[in-house]
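This report concerns only the one structure given below.
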Amino acid sequence: MSDAPRRNLYDRPIGVLAVLSALLVLGALTLPSMRINLKPAGLTYPVVMVRMAMDTESSAEALEQLTRPGEEILRALPGVESVTSSTQGGAVRFFVSPSPSVTLTELSNQVGEALDNNRHRLPTNARPRVSTFSDSDPPMVAAAFNPGDYADATFRDVMERNLMPQLLRIPGVAVVQHNLEGEGTLLVAFSPEHATATRTDLTKVAGHFTAAQPRSYQLPVMQDGQRREQIVRLRSDDLTQAGLPDTAISPTNQLKEIALVEPLPSNYGRWVTVDGKPGCTMSIYPAPDANSYLASKEVTAVLERESKRLGIRYVLQSATHVQIDAAVRELIDAAIWGAVFSVVFLLLFLGRLRLALLVCASLPLSLALAVLAMACHENTMNLFTLMGFLLACGMVVDNAIVVGEALLRARGSADPAERKAALHRAVAGVALAIVVSTLTTIALFVPALVIENPQVRISIMAMGEPIIWSLLGSLGVGLVLVPMAFSWLYRKGLSGSDGRSRGHARWLMASERAYGRFLAWFLLRPFMGVLLVLALVTPGIACWWYVQEVPKTEQEDDRHLGLPVRIRGNPSSAQLREAFAEWQQQLALKQRELAITSVICDWRLERGTLNLYLDPIDPQRRHENDIQSAVTTLLKPGLYIALQDHLSRASSEAVKLPEPDKKTDTAKGDANKGERGGRRSGSSGSSSSRRSDWASTTRLSFRLMAPDEESIDQAWERLRPVLAETPGVTNPGPLTDPPPTETELVLTRGAEERGWRADQLSGQVTRYGGTRQLLTMPDGWALAVGPLESTPRTLRRLLGIEVRQSGGDIDRLENLVERREVPTQNDIRRRDGLSQRDYWMMVEPAQHARIRGELSNLLARADVPPATQIGLSWWEEHIAKQQWQMKLATLLAVVIIYLLMGVLYESVLAPLALMITVPVVFVSVQGVFKITGMQLDNMVTLGSFLLIGVVVNHGVVLIDRIGTCAPMNRLNRRQQRLPLLAIAAGARRRFTPVVLTSLVTIAGAFPMIFGDGRINGDSIAGLGASLAIGMALGMFFTLLVVPLIYRWLAAFRSGMIHLWQACVR
């Protein structure tokens, strides 16, 4: 039997095309079931919350009896990462964070069981309540509505009867919420005049409603000869919406005679204006297994259709499908950009249009195979996976470029069999190199599995999975489809009669020869080679070492500004509406210039928020922080409202805020005093805090920790002067204000002698101050008592109300009580058994990193109380921990890639020649960012992490050819001329693939540099810049440094062998 020649896959076009067609059909069937969401599953921040309370108004007493025992109980549980508490008055809240190995449900059960088993350590009335919280996806769709000509009741009816039912019928919609809080609540507004005329005790009336609340009891009953427990529910027939006004409150009076009973207004206590007109907001949340993209599109279509039909104007605040569509557009632009540059570079370097189109065809085909693989793997598409595809656009054409260039170099022949054999040898010559380069890039994501932070791990793997599948697809395309299509496109071959390839341009061949001679000259002169390496490596390392890092001043940008508004004085709702309307008029003049799409004001009588929704693509490429600063400058502090940013600037710029008119209300000064004293730390009185250039400094947040609050106060008083003397600190932080006070009303001795009691007055004062929920009636309505309209609640008006004694006597409250100023019970925050408090200081950007690292030394110089500790704030600590984990993952990735190359090449030193350039490129990129003043944000860190695989990917092609032309065992210490020239010849053969793949990858990063895409609020411009700069540096290091290091490692190997032989002899 004769031996048949071995056939490769690219020799079986029918079989390959059949398998490819089957994969495309399978993917087309599974693709519609692929869910598209905003974030990957599991990207949450789980917390177990425990609430306790005791009958006391003292925070110190609650700290000793509730907080400390509770901390000991919770910290002893396995699976607890941290315990944070907040104690204010008699209320305590615990926030228990689980470790990555424990689920939220398991920890919640452990916490509940531990508290039940340790009830004897807590006060009898502690009443612990355990709940869970997980920061999941934001609303799928958020919108604001302007009712137009509809009245409040009609507008609420239209929303709930027409719009919301249609939204809930959409597949994938789980919850629809709005801010019309009055729905389902009956408000009983008592008339003091009518109550006085009928001599009705309002406290007894409220007590009657509470006593009549439906209650449930368990009674023993006999059934079938067995004793069972049966639940019996008692109800009151008069507690219904229809029968409540006719309820008899005395033998001669009904409720409707002294009170008005009506549904609670939709805007009770809270107001929303949409572009200057009253309105409401709505949030639509997806189901856990929903396709958020399709559901979001359908929800938006329904809102658009119904708003036109009903005559309601709506503003789309955010939508999942809008964000995903923007990311898809970025991906398509990047793919088109990469394809165009690939064609241009291939035509410029190789001069073959058909080959250029063939290489570019590998880009969509590899991405399509990756999408099909992920669809079959039951993965979800989200912003992170789209970012992964965006990064893959610059990587997947590398394999096709290397194979195509090798095929172009293959010597042709008139004999088809010899021509096919030459093509086979060309593919076999680069097969191992591209397999190793693909595997090394895939191995880059293996260390992400061991990252402790689940959020970082999930984010990297969600971004890395499409890259992995795309690279595997490009490997199959490069090794199978490209040779198969190449042999069909160039059936007559490429070489002339002289056997030389006509595929490369003459200038390129001349460049290769010049590069070979340049490299050979330095290989033959060791000292000059050392100088060349130092000249290439030293500048980047020097910039990285000596230039200070520019701290990150820009936070996440989600194109939405929620500016806190401080309510000053005691304005009414009408006065606040006028104040916010004035602001909106000022914003309307600059709305287009500031790229603001809509303005929504949301406020109560105590506080408010100015919501500005920005254009997703700003023509001026401004960060939302820049727009926030411009808005703060544009809006002037009003008589009753001021932005929190106004107050922050006031502490640094001595901004003059207009004082409310004290003549309008004598009690407003007390309210303002209480407002200023409500913060534990007020504005700084130091002259260094009054700097004119607020933007020239950065904020450094940190926390002080001590066993008790007094130690923290003493530590800050001693630490602040030390910070003021520290170079680089422009504002040492706020001064410690005296403890804030609050007004306490105490019964006078005369009132007590006349029979007045505090518990009789508390309910009447509560009804003046606001609504109080009493019960839920049998027909589903909630019953509340309170004033009919939200009027300004001032101390003067409170003291002027009339109160009634149980015996029928009536008197004004100011005649029965006296005012006292008592210290406010502070909010005591603790973590892991230590009290803690956050502070801040303003520092120069260039000194930010240095001062952050010297916090412990500064604390030691301040002579603080024993056991006092200092640390970064939660956000600063989170960022530092995330950066440390990324550095650990980077180190593990380098080790894994080195070991993988060592196994495949069966060499220890050959892969080391390439791996030495990885830290050099990494450090050089950091140095370029420092010397140019660009910020090293999260995207830059991610780009530097990806550079490891990309630089190694391109260098493997070079080191593989050098190892073939000049194996290390042929090189010795004397460095003969021919082996050194063989190194130059091998590097010359890979000059074109290295330059071409590097340029294509750099071109693929350009859309990210000039694009407006964001992921998790961070701009991807830093990611593209780090990849482009790193690839440019990596190209030079790979072509010039790697061959020289290979030569030095070969000499080192030869010397060690001779030393070993000498020792053996």
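The values are calculated or read from the model by the stated rules, or taken from the named source; none is laboratory data. On a predicted model such as this, the values are computed, not experimentally measured, just so you know. Every residue, glycine among them, receives a Cβ derived from its backbone with ideal geometry; neighbour counts consider all protein chains shown.
Things to note:
- Top-ranked residue of the stretch 167-186 - restricted to ones that are among the small types (Gly, Ala, Ser) and farther than 20 Å from Phe145 by Cα, ranked as modelled with the lowest pLDDT: Gly184
- Inside the stretch 572-595, residues that are outside any helix (DSSP H, G or I) and either within 15 Å of Pro278 (Cβ to Cβ) or touching a strand residue (DSSP E or B) at 6+ places or on another chain (Cβ under 9 Å) (or both) make up a count of 3.
- Of all the residues in the stretch 250-279, those that are at pLDDT below 65 and of a type in the set (A, V, I, L, M, F, W, C) number 1.
- No other residue among Asp157, Asp152 is at pLDDT below 80, of a type in the set (D, E, K, R) and either in contact with a strand residue (DSSP E or B) (Cβ under 6 Å, 6 or more places away or on another chain) or under 23 Å from Val299 (Cβ atoms) (or both) apart from Asp157.
- Yes/no for Val96 being among the β-branched types (Val, Ile, Thr), at pLDDT 85 or above and closer than 22 Å to Arg457 by Cβ: yes
- Any hit, the stretch 381-392, residues being surrounded by fewer than 23 Cβ atoms within 10 Å (Cβ to Cβ), farther than 20 Å from Leu946 by Cβ and either modelled with pLDDT of 80 or more or not basic (Lys, Arg) (or both): no
- Residue count, the stretch 292-317 (criterion: among the aromatic types (Phe, Trp, Tyr) and assigned to a helix (DSSP H, G or I)): 1
- Failed condition for Arg990, given (1) within 26 Å of Ala1028 (Cβ to Cβ); (2) touching a residue at least 40 places away in the same chain (Cβ under 8 Å): (2)
- Cross-chain or 6+ apart pairs with Cβ under 6 Å, the stretch 543-566 first and outside the structural domain of Leu612 (by TED's automatic domain parsing) and assigned to a strand (DSSP E or B), then modelled with pLDDT under 60 and charged (D, E, K, R): none
- Filter pass, Thr941 being farther than 23 Å from Met1056 by Cβ, surrounded by 24 or more Cβ atoms within 10 Å (Cβ to Cβ) and among the hydroxyl-bearing types (Ser, Thr, Tyr): no
- When the residues of the stretch 430-462 are filtered to those that are β-branched (Val, Ile, Thr) and crowded, with 21+ Cβ neighbours inside 10 Å, the one that is farthest from the chain's Cα centre (by Cα) is Val430.
Residue-by-condition table, conditions (1) among the hydrophobic types (A, V, I, L, M, F, W, C); (2) over 46 Å from the mean Cα position of the chain (by Cα):
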position: Val940; (1), (2): yes, no
position: Asp960; (1), (2): no, no
position: Met968; (1), (2): yes, yes
position: Thr992; (1), (2): no, no
position: Leu996; (1), (2): yes, no
position: Ile1002; (1), (2): yes, no
position: Ala1005; (1), (2): yes, no
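- Residues in the stretch 859-908 that are of a type in the set (D, E, K, R), over 13 Å from Phe702 (Cα atoms) and outside any loop (DSSP other than H, G, I, E, B): Arg861, Lys881, Lys887.
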